[in-house]
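Below is a structure I'd like to ask you about.
Since every read-out is calculated from the coordinates, none of them should be taken as a lab result. Everything numeric here is computed off the predicted structure, so don't read it as measured data. Virtual Cβ from ideal backbone geometry, glycine too; neighbours counted across all protein chains shown.
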Amino acid sequence: MEKFADEALIEVSSGSGGNGCAAFRREKYVPKGGPSGGDGGRGGNVVFTVRRNLRTLAHLRYKHTFKAENGRDGENAGRYGHHGADIVIPLPPGSLIRDAESNSLIRDFSRNREDFLFLKGGNGGWGNIHFKSSVNQAPRKALGGKPGQTVKLKVELQIMADIGLVGFPNAGKSSLLDRFTNARPKIAAYPFTTKIPNLGVLTVGERDIIIADIPGLIEGASAGAGLGIRFLKHISRTQALAFLIDLCDSNYLEAFDILLNELKSFSVELTKKKRLLVGTKTDLEESSGRLAELAAKYPAEEVMGISVFSNDGIKELSQAFLRLTENTQDETEEELSANADVLEGGEE
């Protein structure tokens, strides 16, 4: 199975400053050269940066400790120590960093994509060159460098996508993602084929629409049943939801109510997102007439039917996805804040 991680515990440390040097000039014909100890170098910083090519936190599972370089000590002849190198930690878009003990949010990288200087390195100590005075021509005092800081963090990933595909296992989400995009999710005729979120890009005209295939939910997922609970948080970042309903399944008329209830139990905000209902497998004989029954039961919802294999309704669905995401680029800061509130309210 593809390696995927959406949570990681790490320990980060900034570098300590180098010690100042206590030294004196020792040159021919300069018997009393005076103090010449240089300052210690500053310790390296801890910096987080967003990398768009990253889609998982798996790289943080293999390395748990990140430490910046310490500053070098000062030397004689007024030579200052080198500054310590920063440690730069890459994260995928949509990541959050929290304090591991209090769980308080430190940074949300869905809204802040620029580099984030989290911990500053310790300052270097002064050498004795700073302590010369009219009453003390030969100071032997030098200061030690300031220590770095160490913090334990919890890093979380909430996948950022325009459309989230929601449905029971084997409802056709992976097949649709495969049909629409260049993603190649695992597809088979048994439940829980998808065990990790998959992303793909649907291009409609000049617009790219990111689609997330969320592992299938089952009734009770919001209470921890099945595989879905672990990935419900990823839906909170999407602009809209597509509920995929298998028209060949015996519970096709109850599926939407069950799915909506699971989302509501996790966070009420999820039920307020733009959405549409997609009846799948319309090419099969068992689904005959069921799309009309589904639309009749939910007259207030937009209901569409598709078949990935016969291409029925695929073009119309791509246009519907485009309509649902037309205002993505103009999303306001208030809407982004609402998404952040979903994460706070729906934590495991």
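Contour minus end-to-end for E254 and E302, with contour as 0.36 nm per residue of separation and end-to-end as the Cα-Cα distance? Intermediate results must be reported in sequence, preceding the final value.
Numbers: separation 48, 0.36 × 48 = 17.28 nm, distance 1.63 nm.
Result: 15.6 nm gained on full extension.
Between D115 and K132, how many nm apart are label points set 7 Å from Cα along the C-beta direction?
Distance between the two pseudo-spin positions: 3.6 nm.
Now for a separate question. Quick check on the stretch 131-184: take the gyration tensor over C-alpha atoms, sort the square-rooted eigenvalues as a ≥ b ≥ c, and tell me if it's rounded (a/c under 1.5), prolate or oblate. Write down the numbers at each step before the final one.
Working: a/c = 7.95, a/b = 5.24, b/c = 1.52.
Cα axes put the stretch 131-184 in the prolate bin.
Right, another one. Can you list which of the GluC sites (Glu not before Pro) found in the stretch 226-301 are DSSP loop residues with at most 16 other C-beta atoms within 10 Å?
Values: sites: E254, E262, E269, E285, E286, E293, E301; in loops: E254, E301.
Those satisfying the criteria are E254, E301.
³J(HN,Hα) across the stretch 66-74 via Karplus (A = 6.51, B = -1.76, C = 1.60, θ = phi - 60°), whole Hz, x for Gly/Pro?
Coupling constants for the stretch 66-74: 10, 10, 6, 6, 6, x, 7, 5, x Hz.
Now for a separate question. Taking a ≥ b ≥ c as the square roots of the Cα gyration tensor eigenvalues, with a/c under 1.5 meaning rounded and otherwise prolate when a/b beats b/c, else oblate, which class fits the stretch 279-330? Write out the running numbers ahead of the final one.
On the way: a/c = 4.50, a/b = 1.54, b/c = 2.93.
Cα axes put the stretch 279-330 in the oblate bin.
Sort out for me the Cα centre separation of the stretch 284-299 from the stretch 91-127, rounded to whole Å.
51
Give a quick list of GluC sites (Glu not before Pro) in the stretch 1-100 that DSSP marks as loop, anything other than H, G, I, E or B, with at most 16 other Cβ atoms within 10 Å.
On the way: sites: E2, E7, E11, E27, E69, E75; in loops: E2, E69, E75.
The qualifying sites are E2.
Kirkwood hydrodynamic radius (Cα pairs, Å) of the stretch 1-112? Please report the intermediate quantities before stating the final value.
Details: mean 1/r = 0.0594 Å⁻¹.
Result for the stretch 1-112 stands at 16.8 Å.
Given axes a ≥ b ≥ c from the Cα gyration tensor, I'd like to know whether the stretch 52-157 is rounded (a/c under 1.5), prolate (a/b larger than b/c) or oblate. Intermediate results must be reported in sequence, preceding the final value.
Working: a/c = 3.40, a/b = 2.91, b/c = 1.17.
Prolate is the answer for the stretch 52-157, as a/c is 1.5 or above and a/b outweighs b/c.
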